[in-house]
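*Asks:* Below you will find the structure I want to go over with you.
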Amino acid sequence: QVQLVESGGRLVETGGSLRLSCAASVSSYSMGWFRQAPGKDREFVAAISWSGGSTSYADSVKGRFTISRDNVKNTVYLQMTSLKPEDTAVYYCAADYNPRTEIVRTTHYSYEYWGQGTQVTVSS
């Protein structure tokens, strides 16, 4: 019932910035960003509660990435700065199993709905 579409991924240089967007069909879910590099497990990046009142970040991106949302536009954003080659991955947005929760979850199996991903490549 929940459709998610990521956009904004592209090739950037080390130290550059990108803003990823996730357009959702609804705005009532806590949302997460995950990423997966070739041959690697999908890893948590950031999450935000349905109201935007709570956020969580992986240690590897804290201070560099910012998650935000606009519930009027049904869109979640991931502002990425100071990008590193190790940030290269397919980035996915995901919606929690349950709506209207202020709990932010950090495991991929805690999310039910997924977008198809957008590729971010950071050149070294």
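The values are calculated or read from the model by the stated rules, or taken from the named source; none is laboratory data. These numbers were taken from a predicted model, which means no experiment stands behind them. Note that we place each Cβ from the backbone using ideal geometry, even for glycine, and neighbour counts take in every protein chain shown. These area figures cover heavy atoms from the full protein model, side chains too; ligands, DNA and RNA do not enter into them. Shrake-Rupley method; radii C 1.70, N 1.55, O 1.52, S 1.80 Å.
*Asks:* In this structure, does residue 34 turn out to be in contact with a helix residue (DSSP H, G or I) (Cβ under 6 Å, 6 or more places away or on another chain) and modelled with pLDDT of 95 or more? Give the derivation first.
*Replies:* Numbers: in contact with a helix residue (DSSP H, G or I) (Cβ under 6 Å, 6 or more places away or on another chain): yes; modelled with pLDDT of 95 or more: yes.
It is true that residue 34 is in contact with a helix residue (DSSP H, G or I) (Cβ under 6 Å, 6 or more places away or on another chain) and modelled with pLDDT of 95 or more.
*Asks:* Hey, can you tell me all the residues within the stretch 18-45 that are open to solvent by less than 30 Å² (accessible area, probe 1.4 Å) and closer than 10 Å to residue 93 by Cβ?
*Replies:* Result: 20, 21, 22, 24, 31, 32, 33, 34, 45.
*Asks:* Looking only at residues in the stretch 31-44 that are assigned to a strand (DSSP E or B) and among the charged types (D, E, K, R), which one is nearest to the chain's Cα centre (by Cα)?
*Replies:* Quick first cut of the stretch 31-44, residues assigned to a strand (DSSP E or B) only: 31-36, 43-44.
Those left that are additionally among the charged types (D, E, K, R): 35, 43.
Details: 35: 8, 43: 11 Å.
Looking at residues that are assigned to a strand (DSSP E or B) and among the charged types (D, E, K, R), I get 35.
*Asks:* Would you point out which residue out of 28, 82, 56, 124 is in contact (Cβ under 8 Å) with a residue 12 or more places away in the chain and under 14 Å from the mean Cα position of the chain (by Cα)? Quick ask: steps written out before the conclusion?
*Replies:* Working: 28 fails: under 14 Å from the mean Cα position of the chain (by Cα); 82 fails: under 14 Å from the mean Cα position of the chain (by Cα); 124 fails: under 14 Å from the mean Cα position of the chain (by Cα).
Exactly one residue qualifies, and that residue is 56.
*Asks:* Could you grab the pairs with beta carbons closer than 7 Å, sequence gap of 6+ or different chains, first residue in the stretch 96-110 and without any contact (Cβ under 8 Å) to a residue 60 or more places away in the chain and closer than 18 Å to residue 1 by Cα, second one open to solvent by 90 Å² or more (accessible area, probe 1.4 Å) and β-branched (Val, Ile, Thr)?
*Replies:* Cβ pairs passing all conditions: none.
*Asks:* Only one of these is touching a Leu at 6+ places or on another chain (Cβ under 9 Å) and surrounded by fewer than 22 Cβ atoms within 10 Å (Cβ to Cβ): 9, 52. Name it.
*Replies:* Numbers: 52 fails: touching a Leu at 6+ places or on another chain (Cβ under 9 Å).
Within the list 9, 52, the selection yields 9.
*Asks:* So, in the stretch 68-110, of the ones that are assigned to a strand (DSSP E or B), open to solvent by less than 10 Å² (accessible area, probe 1.4 Å) and out of contact with any helix residue (DSSP H, G or I) (no Cβ under 8 Å at 6 or more places or on another chain), which residue ends up nearest to residue 14 (Cα to Cα)? I'd like the intermediate steps shown before the answer.
*Replies:* The first filter runs over the stretch 68-110 and keeps only residues assigned to a strand (DSSP E or B), leaving 68-70, 75-80, 89-99.
Narrowing the set further to residues that are open to solvent by less than 10 Å² (accessible area, probe 1.4 Å) leaves 76, 78, 80, 89, 91, 93-96.
Going one step further and asking which of them are out of contact with any helix residue (DSSP H, G or I) (no Cβ under 8 Å at 6 or more places or on another chain), we end up with 76, 78, 89, 91, 93, 95.
Values: 76: 24, 78: 17, 89: 14, 91: 17, 93: 23, 95: 29 Å.
Taking the candidates together, the pick is 89.
*Asks:* So residue 121 ticks every box in (1) under 30 Å from residue 11 (Cβ atoms); (2) assigned to a loop (DSSP other than H, G, I, E, B) but one. Which box is left unticked?
*Replies:* It fails just one condition, (2).
*Asks:* For residue 15, work out the one condition from (1) over 15 Å from the mean Cα position of the chain (by Cα); (2) more than 21 Å from residue 123 (Cα to Cα); (3) open to solvent by 40 Å² or more (accessible area, probe 1.4 Å); (4) not hydroxyl-bearing (Ser, Thr, Tyr) it doesn't fulfil.
*Replies:* Tallying (1) over 15 Å from the mean Cα position of the chain (by Cα); (2) more than 21 Å from residue 123 (Cα to Cα); (3) open to solvent by 40 Å² or more (accessible area, probe 1.4 Å); (4) not hydroxyl-bearing (Ser, Thr, Tyr), residue 15 fails exactly one: (2).
*Asks:* Something else: So which residues in the stretch 1-23 are aliphatic (A, V, I, L, M) and at pLDDT 95 or above? Before you say what the answer is, go through the steps one by one.
*Replies:* So the first thing to find is which residues in the stretch 1-23 are aliphatic (A, V, I, L, M), and the list is 2, 4-5, 11-12, 18, 20, 23.
Once the filter is applied, which keeps residues that are aliphatic (A, V, I, L, M) and at pLDDT 95 or above, the stretch 1-23 yields 4, 5, 11, 12, 18, 20, 23.
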